[in-house]
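Participant: Mind looking over this structure? Questions follow.
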Amino acid sequence: MLGDNKIEIKMVMRTVDLRSDTVTRPTDAMREAMGSAEVDDDVLGYDPTARRLEEEIAKMMGKEAALFVPSGTMGNLICVTVHCDVRGSEVILGDNCHIHVYENGGISTIGGVHPKTIKNEEDGTMDLGAIEAAIRDPKGSTFYPSTRLICLENTHANSGGRCLSVEYTDRVGEIAKRHGLKLHIDGARLFNASIALGVPVHRLVQAADSVSVCLSKGLGAPIGSVVVGSQSFIEKAKTLRKTLGGGMRQIGVLCAAALVALQENLPKLQFDHKKTKLLAEGLNQMKGIRVNVAAVETNMIFMDMEDGSKLTAEKLRKSLAEHGILVIPENSSRIRMVIHHQITTSDVHYTLSCFKDKPYLSYQTPGRRKTRTAFVPKSKKKKTKLLMTSSNLLVEAHFLHIPKQAILSNGFRLVNWKKETVSRCGSSLCIDHVADLSERASELHNNNKVKPPRMVVFSSDGPITENKQDANNNILHSLCSYGKLTDACKLVEVMARHNQLPHFPSCTNLVRGLARIDQTDKAMCILKIMVMSGGVPDTITYNMVIGNLCKKGDLRSALSLLEDMSLSGTSPDVITYNTLIRFMCDNGNAEDAVEFWKNQLRSGCPPYMITFTVLVELVCRYCGSGRAIKVVEDMAVEGCYPDIVTYNSLVNFNCRRGTLEDVALVIKHILSHGVELNTVTYNTLLHSLCSHGYWDEVDEILSIMYETSCTPTVITYNILINGLCKAGMLSRAIDFFYQMLEQGCSPDIVTYNTVLGAMSKEGMVNEAMVLLALLRKTRCCSPGLITYNSVIDGLARKGMMEKALALYNQMVEDGVCPDDITRRSLIYGFCRANLVEEASQVLKETSNRGNGIRGSTYRLVVQGLCKKGEMEMAVQVVEIMLTSGCKPDERIYTAIVKGVEEMGMGSEAGELRKKLRQWKLLREV
């Protein structure tokens with residue numbers, strides 16, 4: 001019994017650090033690896049851990065060699081200086097890239113390299129034509145610096161972490177190769193780009209001569225970057241690293257942490273991206289701020305204050321810091337947020353809740369975002385809105401009250417797209433810039449009340465000059481940027497009729513935008529114009545249109561577009577073939593899909609193993625395992641040989657379908673062809689057998705694994721332990737758990753939670769406490785909310801409330817925030833132990849925090865208080881219940897009435913009867 005002990009619920013001070021992904025702390029596994037790292041003198045070239053890291057990174061990047069450097073800035077400086085080995089050489093790079101903006105001009109001050117900047121587009125790219133135009137003519141080397149290098153940044157930080165596609169990088173590489181230049185990629189967050197694009201990292205940098213990749217950003221290592229390139233390049237880089245003071249001795253302690261980061265945190269990047277998207281979508285629903293959600297591709301968010309808002313970035317930063325949310329203002333109206341692996345989904349929801357609590361930021365329902373700007377009183381709102389783009393040749397007249405005879409500047413036309421008519425204009429109204437246009441619009445509005453439909457003004461026909469083509473391309477870029485896709489389509493068609501060449505990147509963005517909104521016909525029309533103009537649309541653009549055609553069920557047009565794609569010089573990729581094959585199979589044409597893939601192989605298509613795997617799995621789904629195996633054999637004749645991944649997909653599919661006879665057929669085929677089963681195959685089989693309760697077969701599979709030296713992994717043990725716990729075979733599950741420890745296989749948090757949950761349900765709370773203590777000592781993982789809730793619930797069910805309360809306080813001290821399930825377990829435990837006062841106190845604390853409590857929990861506390869005669873406390877609990885919006889049921893009223901009757905007719909009873917009448921009246925209302 002607790003006696004007079006009081007429950008003190010401790011509040012956890014929460015910090016959500018969104019300043020950068022460089023603020024991560026080394027994990028326990030990293031610290032352990034650093035402490036036990038094998039080291040030697042790296043300057044002499046003998047540190048074994050450094051060598052292992054460099055070899056691993058070089059292999060991942062598909063390059064010959066790699067070199068560890070202290071920072072990304074030094075890595076970029078080394079790469080640029082090695083390529084530009086003659087002082088006064090020139091490098092072409094973006095005007096908003098990290099090397100040019102944030103690295104202190106080191107390439108000039110130290111390397112003697114002259115930067116030639118080109119405007120970065122919103123997606124971080126540079127115009128390919130501008131890159132080629134910036135390359136110096138070698139004949140002018142007497143007067144100009146010699147161009148030797150082109151630099152790209154992937155992901156592009158100042159563009160919000162946007163990814164550069166493989167196609168774009170390859171085309172820049174082709175330009176560099178054509179002119180005898182080198183290509184360097186600043187890949188500080190290259191792994192984020194790889195995950196976001198779904199492209200292997202070595203393919204992303206295939207065209208590059210050198211790459212620098214950071215280990216201390218998304219990967220979460222404490223220090224360091226790595227540069228990769230050819231063997232001769234790295235030898236020169238090593239000399240320059242020593243010159244710059246970057247040669248360190250026993251760097252194995254740092255490289256060990258980086259190796260752990262590659263193993264543990266690289267797979268977590270995809271979850272960082274999902275959390276970033278979740279945060280961006282939530283922030284975009286707040287009034288007064290805006291986030292371009294479509295531009296959020298990786299782990300970075302740029303949040304802008306609305307125009308006319310009194311809220312500044314610095315004011316918002318200070319306000320968020322009061323709640324433990326740390327951000328960095330980019331300027332007076334923009335804040336940057338970066339997600340990393342130590343930011344949880346709970347942290348994201350907490351951040352959004354802090355925004356919702358602000359008096360100047362109100363949450364709005366998705367899809368109903370108001371256009372009115374925050375902080376501007378209604379009386380000062382403008383009823384009309386002027387939208388202007390970069391060119392004075394464009395007027396988006398949603399609101400302009402221009403009369404039918406309005407005269408615009410000489411040489412321009414007024415086009416009414418709704419009526420599809422063109423009217424010639426004179427020259428009495430001259431539009432020089434936005435201010436003039438705004439003033440003229442006001443004058444016309446005062447003189448005439450006629451409101452025309454939407455209009456666009458563009459260059460007239462006649463002798464087509466380069467200037468007019470450039471002007472129209474500026475308009476096209478603006479229309480695409482503002483999402484005015486319909487007007488952009490019309491403008492491209494007009495330019496094509498007048499033999500003007502539309503801007504290729506703008507057309508690409510236009511086609512992709514049309515594909516996203518299912519305007520497939522228009523997208524195909526623009527694609528044809530691009531090809532007729534001499535352009536070569538990239539694979540991603542074609543894939544989006546082919547995907548839309550398949551969604552609409554138009555297979556003939558999709559195959560026709562695939563043929564056009566090949567004729568235009570664009571190579572289909574895995575996504576192209578997978579989309580078409582999946583569509584054919586899903587529509588009952590599996591045999592046609594097989595023939596289609598055979599024809600593609602015969603015509604020289606690379607034997608993409610992913611496509612082959614998808615085809616085999618779909619044939620298995622629709623035609624059975626026998627036909628799928630026959631397809632495997634037929635494809636081998638065509639030169640497309642299956643690997644274990646293909647077979648694993650067949651095993652997995654049949655296991656999920658529960659057809660174990662087909663599983664046996666596939667396994668027999670695998671073994672007959674001399675393919676060795678791997679751990680994934682065995683895990684799939686074990687999962688299926690555990691689900692069906694075939695434990696003898698499970699033992700047989702395990703013995704085969706040991707005989708073939710296929711060591712069980714954490715996933716293997718998780719499958720076994722989870723299956724045994726579900727089947728009620730807890731003792732055997734515990735045996736597997738300790739066998740896992742004996743073999744040096746560290747259980748993950750899922751394993752611990754499964755065993756602890758089963759122990760708590762079976763009443764083995766003492767064993768659960770021992771296992772929890774073991775978990776708290778391990779460095780590979782730490783107990784979380786689910787872990788503590790399982791053990792606290794088990795203790796409460798057993799009536800061991802002193803231990804439950806101690807574990808609750810230990811949970812808070814460990815930085816784990818209790819939730820309503822935790823408190824509900826305590827309340828039930830206190831009530832069962834007849835400690836209703838303590839239960840009432842926990843209930844009050846929970847209600848004060850705004851946490852939801854079920855009506856059954858309130859009823860349990862009220863009934864316990866009434867039995868003990870604590871009527872005043874019972875009344876307080878009911879009032880808490882009413883305040884929280886939870887309606888008492890009849891059993892609560894019955895308990896209160898019975899308790900009042902037992903008190904007699906005293907003054908206290910009279911007050912309680914009065915309260916009771918008020919509650920009944922409130923309930924009736």
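The values are calculated or read from the model by the stated rules, or taken from the named source; none is laboratory data. Keep in mind that this is a model prediction, so the values were computed, not measured. Because the Cβ atoms are built from the backbone with ideal geometry, glycine has one as well, and the counts that use them run over all protein chains shown. Protein only, heavy atoms only, side chains kept; ligands, DNA and RNA dropped before computing areas. Shrake-Rupley method; radii C 1.70, N 1.55, O 1.52, S 1.80 Å.
Participant: Run S333 past the list (1) on the phi < 0 side of the Ramachandran plot; (2) in contact with a strand residue (DSSP E or B) (Cβ under 7 Å, 6 or more places away or on another chain); (3) open to solvent by less than 10 Å² (accessible area, probe 1.4 Å) and report the number of the one that doesn't hold.
Facilitator: Tallying (1) on the phi < 0 side of the Ramachandran plot; (2) in contact with a strand residue (DSSP E or B) (Cβ under 7 Å, 6 or more places away or on another chain); (3) open to solvent by less than 10 Å² (accessible area, probe 1.4 Å), S333 fails exactly one: (3).
Participant: Yes or no: region 135-151 includes at least one residue that is within 29 Å of N331 (Cβ to Cβ) and either open to solvent by 10 Å² or more (accessible area, probe 1.4 Å) or in contact with a Ser or Thr (Cβ under 8 Å, 6 or more places away or on another chain) (or both).
Facilitator: No, that holds for no residue.
Participant: Where in region 466-552 are there helices (runs of 4 or more DSSP H), lying wholly inside it, with at least 1 residues that are at positive phi?
Facilitator: Hits in region 466-552: none.
Participant: Taking the options Y752, Y706, Y788, name whichever one is hydroxyl-bearing (S, T, Y), closer than 30 Å to L677 by Cα and under 36 Å from the mean Cα position of the chain (by Cα).
Facilitator: Exactly one residue qualifies, and that residue is Y752.
Participant: Does region 291-318 hold any residues that are of a type in the set (V, I, T) and either touching a residue at least 24 places away in the same chain (Cβ under 8 Å) or under 30 Å from L269 (Cβ atoms) (or both), and which are they?
Facilitator: Hits for region 291-318 are V291, V293, V296, T298, I301.
Participant: Residues E563, E595: which one is open to solvent by 20 Å² or more (accessible area, probe 1.4 Å) and at pLDDT 80 or above?
Facilitator: None of the other options fit; the residue is E563.
Participant: Output the residues belonging to region 13-41 that are at pLDDT below 85 and surrounded by 14 or more Cβ atoms within 10 Å (Cβ to Cβ).
Facilitator: Across region 13-41, the qualifying residue is only R14.
Participant: Grab the helices (runs of 4 or more DSSP H) fully contained in region 61-113, keeping just those with 3 or more residues being open to solvent by 10 Å² or more (accessible area, probe 1.4 Å) and of a type in the set (A, V, I, L, M, F, W, C).
Facilitator: 72-83
Participant: Could you go through region 738-747 and let me know if any residue there is open to solvent by 50 Å² or more (accessible area, probe 1.4 Å), without any contact (Cβ under 8 Å) to a residue 24 or more places away in the chain and farther than 30 Å from Y788 by Cα.
Facilitator: Within region 738-747, none of the residues are open to solvent by 50 Å² or more (accessible area, probe 1.4 Å), without any contact (Cβ under 8 Å) to a residue 24 or more places away in the chain and farther than 30 Å from Y788 by Cα.
Participant: Another question, then. Can you tell me which residues in region 169-188 are under 19 Å from V69 (Cβ atoms) and not acidic (D, E)?
Facilitator: K182, H184, I185, G187, A188
Participant: For region 800-818, which residues satisfy the criterion of being assigned to a loop (DSSP other than H, G, I, E, B) and crowded, with 17+ Cβ neighbours inside 10 Å?
Facilitator: Matches in region 800-818: M800, V816, P818.
Participant: Sort through V875, V861, V842 and tell me the only one that's modelled with pLDDT of 70 or more, of a type outside the set (G, A, S), more than 16 Å from S825 (Cβ to Cβ) and open to solvent by less than 50 Å² (accessible area, probe 1.4 Å).
Facilitator: Criteria check complete, one pass: V875.
Participant: Next question. S89: among the small types (G, A, S), in contact with a Leu (Cβ under 8 Å, 6 or more places away or on another chain) and at pLDDT 90 or above, yes or no?
Facilitator: yes
Participant: Let me ask something else about it. I'm told G245 meets every condition in (1) part of a loop (DSSP other than H, G, I, E, B); (2) touching a Pro at 6+ places or on another chain (Cβ under 6 Å) except one. Can you identify the failing condition by its number?
Facilitator: Unmet condition: (2).
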